[in-house]
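The values are calculated or read from the model by the stated rules, or taken from the named source; none is laboratory data. Because the structure is a prediction, the values reported are computed rather than measured. Glycine gets a Cβ as well: all are built from the backbone with ideal geometry, and neighbour counts include every protein chain shown.
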Amino acid sequence: SEFYSPQELTDGFHLVIDALKLNGITTIYGVPGIPITDLGRMAQAEGMRVLSFRHEQNAGNAAAIAGFLTKKPGICLTVSAPGFLNGLTALANATTNCFPMILISGSSEREIVDLQQGDYEEMDQLAIAKPLCKAAFRVLHACDIGIGIARAIRAAVSGRPGGVYLDLPAKLFSQVMDAEAGAKSLVKVIDAAPAQLPAPSSIARALEELKNAKRPLIVLGKGAAYAQADDLVRELVERSGIPYVPMSMAKGLLPDTHPLSAGAARSTALKDSDVVLLVGARLNWLLSHGKGKTWGEPGSKRFIQIDIEPREMDSNVEIVAPVVGDIGSCVAALLDGMGKEWKGAPAEWVETIRTKREANIAKMAPKLMKNTAPMDFHSALGALRTVIKERPDAILVNEGANTLDLARGIIDMYQPRKRLDVGTWGVMGIGMGFAVAAAVETGKPVLAVEGDSAFGFSGMEVETICRYNLPICIVIFNNNGIYRGTDTDPTGRDPGTTVFVPDSRYDKMMEAFGGAGAQVFTPDELKRAVETAMDSGKPTLINAVIDPSAGSESGNIGSLNPQSVIKRK
Ligand SMILES: Cc1ncc(Cc2csc(CCOP(=O)(O)OP(=O)(O)O)c2C)c(N)n1
Ligand SMILES: [Mg+2]
């Protein structure tokens with residue numbers, strides 16, 4: 001017969017599936033097509049969850065955030081060339097954000113690619129992927145699949161996590177080999193992300209700095225969320241008594257309502273602190289590179305930095321106490337060194353932060369209470385703030401400009417790894433991929449709060465969400481455009497470059513695929529519609545009508561825009 005018994009022979013298809021399953025990987029996010037359609041079907045038949053998307057970028061973003069949430073590499077599976085290219089943005093974004101994922105793409109045979117003979121979807125994918133990811137490998141022989149998958153897993157999660165590319169040429173899948181030898185060629189990765197302990201001298205140096213600090217501050221980065229050392233991080237804040245600022249995806253490591261939270265007093269905390277302990281937070285653009293007026297007087301700061309990547313130190317400003325290692329090991333060592341008698345941060349400083357925080361919250365409060373139409377960002381977010389407070393285990397996905405920047409400060413988070421957003425690159429389009437993986441990996445309800453432009457980058461996945469019947473409630477802040485809905489074309493010929501069809505009904509898109517849709521005009525209507533959606537567990541899209549004039553250009557980062565000094569008349 002044309003088939004062999006699995007006792008005698010195995011092949012590339014089965015070796016890839018067996019290698020992934022052997023390493024506890026149970027889910028694949030992808031888009032089918034030549035040469036990987038059957039791989040997906042066979043993986044599904046062998047009990048793996050295989051979720052097919054409408055665009056590879058969204059499958060890649062799902063794989064990336066699955067990695068962030070589980071600490072196991074998320075798997076994105078694509079066809080060659082165009083499918084591979086569509087996955088690259090997610091691979092590069094994962095690498096920039098330190099999310100562990102593996103982009104597995106089918107590819108053309110080397111002999112044809114290297115002779116540039118014009119194969120179907122021919123491209124030298126490995127060469128193209130290399131600069132955009134942490135590591136890239138190609139496998140040509142079935143007996144190397146085990147090692148190839150093992151190397152990809154270890155590269156993705158060890159040290160600083162990131163994106164890995166694994167190139168599998170079409171002919172590899174149908175290559176057969178002896179079944180027993182095949183089984184022996186598989187590798188179960190031992191200790192894929194080994195603990196990396198800090199040098200005791202680095203701990204002593206860091207504690208000396210903290211002990212002498214008059215106005216200490218802790219900054220928690222998304223690395224601290226990824227580490228899943230939640231109790232240690234909480235103990236570090238509470239035992240040291242040092243106020244902390246959580247970066248966006250670190251919110252919820254301690255509840256945002258925590259007495260030592262300085263999130264609502266961020267500018268005072270950054271400007272007036274004297275010693276700053278960075279925990280899994282890079283001094284990049286999100287922290288003004290550690291210099292300038294954000295950080296007060298030049299040279300007034302002494303930075304302690306915990307990071308697993310030694311080369312991160314001194315990237316922007318001098319680090320007086322580098323602590324290199326994984327966050328769990330480093331925080332545990334700091335706590336050991338602190339002992340039980342640590343006197344805590346100076347009371348006056350803690351009080352300064354507390355009063356500033358309370359004042360800022362009080363100033364914001366009235367804006368969140370307005371219950372009129374049309375909504376603006378503050379009044380709509382005031383409603384969602386209450387929903388998350390009442391449903392703390394829901395996962396919040398968030399992207400946009402005003403929709404993102406204002407939600408970050410207005411919606412408090414109460415548990416770790418519950419806020420998933422655009423991260424280090426500020427990339428639009430992560431929304432639906434993140435929402436699908438958050439629902440699939442955690443089983444928790446997902447609330448995706450989307451700018452209308454941001455949603456548009458991945459909006460076709462509402463069909464994917466309906467097809468898998470996922471508990472995702474999408475709220476679109478529909479202000480008719482990017483930043484605002486009011487731009488016009490001075491020549492009068494076209495719509496303005498940043499506006500959309502006015503008063504569009506995104507909710508009808510969800511209904512087109514069997515999901516629930518609603519349009520709301522007031523915060524009360526919005527709150528009730530979200531509660532109905534989250535109680536139902538059904539895919540829902542709520543079109544929240546926002547005043548088109550309410551937003552500001554580029555949200556909080558308009559200053560990054562170049563300005564022209566030439567005014568043509
Ligand atoms: C892949 C990519 N392409 C473009 C951009 C530039 C951008 C940043 S924010 C944004 C959308 C803002 O409009 P939205 O309606 O979502 O939000 P709102 O302010 O509430 O109206 C764009 C297009 C980015 N960051 N990434
Ligand atoms: Mg908008």
message = I'm told Leu236 meets every condition in (1) under 23 Å from the mean Cα position of the chain (by Cα); (2) buried (at least 23 other Cβ atoms within 10 Å of the Cβ); (3) within 30 Å of Lys72 (Cβ to Cβ) except one. Can you identify the failing condition by its number?
response = (1)
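Quick grid of which residues meet (1) touching an Asp or Glu at 6+ places or on another chain (Cβ under 6 Å); (2) more than 16 Å from ligand 2 (Cβ to nearest atom); (3) among the aliphatic types (A, V, I, L, M):
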{"site": "Ala438", "(1), (2), (3)": "no, yes, yes"}
{"site": "Glu441", "(1), (2), (3)": "no, yes, no"}
{"site": "Leu447", "(1), (2), (3)": "no, yes, yes"}
{"site": "Ser453", "(1), (2), (3)": "no, no, no"}
{"site": "Gly459", "(1), (2), (3)": "no, no, no"}
{"site": "Asn478", "(1), (2), (3)": "yes, no, no"}
{"site": "Gly515", "(1), (2), (3)": "no, yes, no"}
{"site": "Thr522", "(1), (2), (3)": "no, yes, no"}
{"site": "Ser549", "(1), (2), (3)": "no, no, no"}
ask   = Just a yes or no: is a residue in the range 503-510 within 15 Å of ligand 2 (Cβ to nearest atom), hydrophobic (A, V, I, L, M, F, W, C) and in contact with a strand residue (DSSP E or B) (Cβ under 8 Å, 6 or more places away or on another chain)?
value = no
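Just to verify a result, which residue in the range 327-385, among those that are within 16 Å of ligand 2 (Cβ to nearest atom) and in contact with a helix residue (DSSP H, G or I) (Cβ under 9 Å, 6 or more places away or on another chain), is farthest from Glu309 (Cα to Cα)?
Going through the range 327-385, the residues within 16 Å of ligand 2 (Cβ to nearest atom) turn out to be 374-381, 384.
If we keep only those that are in contact with a helix residue (DSSP H, G or I) (Cβ under 9 Å, 6 or more places away or on another chain) as well, we get 375-381, 384.
Details: Met375: 45, Asp376: 42, Phe377: 38, His378: 38, Ser379: 41, Ala380: 40, Leu381: 37, Leu384: 37 Å.
Only one residue fits best here, namely Met375.
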key: Failed condition for Phe434, given (1) of a type outside the set (Gly, Ala, Ser); (2) within 16 Å of ligand 2 (Cβ to nearest atom); (3) out of contact with any Ser or Thr (no Cβ under 7 Å at 6 or more places or on another chain); (4) over 24 Å from Pro259 (Cβ atoms)   = (2)
request  = Go through the residues of the range 486-496 one by one and say whether even a single one is closer than 26 Å to Met249 by Cβ and within 16 Å of ligand 2 (Cβ to nearest atom).
outcome  = no
ask   = If only one of Asn543, Asn561 is at pLDDT below 95 and either in contact with a helix residue (DSSP H, G or I) (Cβ under 7 Å, 6 or more places away or on another chain) or not aliphatic (A, V, I, L, M) (or both), which one is it?
value = Asn561
task = Could you please tell me which pairs satisfy a Cβ distance under 8 Å, a separation of 6+ or placement on different chains, a first residue in the range 482-493 that is at negative phi and in contact (Cβ under 8 Å) with a residue 40 or more places away in the chain, and a second residue that is within 16 Å of ligand 2 (Cβ to nearest atom) and among the charged types (D, E, K, R)?
result = Arg484/Glu553
note = Ala373 meets each of (1) small (Gly, Ala, Ser); (2) over 16 Å from Ala225 (Cβ atoms); (3) part of a helix (DSSP H, G or I); (4) away from ligand 1 (no atom under 15 Å from the Cβ) with one exception, condition (3)
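Before we move on, is Val499 farther than 18 Å from Val387 by Cβ and in contact with a strand residue (DSSP E or B) (Cβ under 6 Å, 6 or more places away or on another chain)? Please lay out each step first, then the result.
Working: farther than 18 Å from Val387 by Cβ: yes; in contact with a strand residue (DSSP E or B) (Cβ under 6 Å, 6 or more places away or on another chain): yes.
Taking the combined requirement at face value, the residue satisfies it.
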request  = State whether one or more residues within the range 53-70 are assigned to a loop (DSSP other than H, G, I, E, B), at pLDDT 95 or above and among the small types (Gly, Ala, Ser).
outcome  = no
inquiry  = For a quick check of your reading: which helices (runs of 4 or more DSSP H) sit entirely within the range 421-511 and have at least 2 residues that are within 16 Å of ligand 1 (Cβ to nearest atom) and either at pLDDT 95 or above or within 15 Å of the chain's Cα centre (by Cα) (or both)?
reply    = 431-442, 452-456
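Out of the residues in the range 549-569 that are in a loop (DSSP other than H, G, I, E, B) and within 11 Å of ligand 1 (Cβ to nearest atom), which is surrounded by the fewest Cβ atoms within 10 Å (Cβ to Cβ)?
Asn561
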task = Report yes if some residue within the range 392-401 is of a type in the set (S, T, N, Q), within 16 Å of ligand 2 (Cβ to nearest atom) and part of a helix (DSSP H, G or I); otherwise report no.
result = no
message = One residue is enough: does the range 244-266 have a residue meeting the conditions aromatic (Phe, Trp, Tyr), on the phi < 0 side of the Ramachandran plot, crowded, with 21+ Cβ neighbours inside 10 Å and more than 19 Å from the chain's Cα centre (by Cα)?
response = yes
message = For the range 404-412, check the following and say yes or no: at least one residue is surrounded by fewer than 20 Cβ atoms within 10 Å (Cβ to Cβ), under 17 Å from Pro523 (Cα atoms) and free of Cβ contacts under 8 Å to residues at least 60 places away in the same chain.
response = yes
ask   = So is Ile36 under 30 Å from Asp393 (Cα atoms), of a type in the set (A, V, I, L, M, F, W, C) and modelled with pLDDT of 95 or more or not?
value = no
key: Unique match (being surrounded by fewer than 19 Cβ atoms within 10 Å (Cβ to Cβ), hydroxyl-bearing (Ser, Thr, Tyr), assigned to a helix (DSSP H, G or I) and touching a residue at least 60 places away in the same chain (Cβ under 8 Å)) among Thr386, Thr355   = Thr386
query = closer than 27 Å to Gln228 by Cα, part of a loop (DSSP other than H, G, I, E, B) and of a type outside the set (Ser, Thr, Tyr), is that true of Phe99?
reply = yes
ask   = For the range 1-29, what are the residues that are at pLDDT 95 or above, assigned to a loop (DSSP other than H, G, I, E, B) and either surrounded by fewer than 19 Cβ atoms within 10 Å (Cβ to Cβ) or among the aromatic types (Phe, Trp, Tyr) (or both)?
value = Gly24, Thr26
request  = Identify all residues within the range 521-547 that are within 16 Å of ligand 1 (Cβ to nearest atom) and over 28 Å from the mean Cα position of the chain (by Cα); write none if there are none.
outcome  = Asp547
ask   = Right, Glu111: of a type in the set (Asp, Glu) and without any contact (Cβ under 8 Å) to a residue 12 or more places away in the chain or not?
value = yes
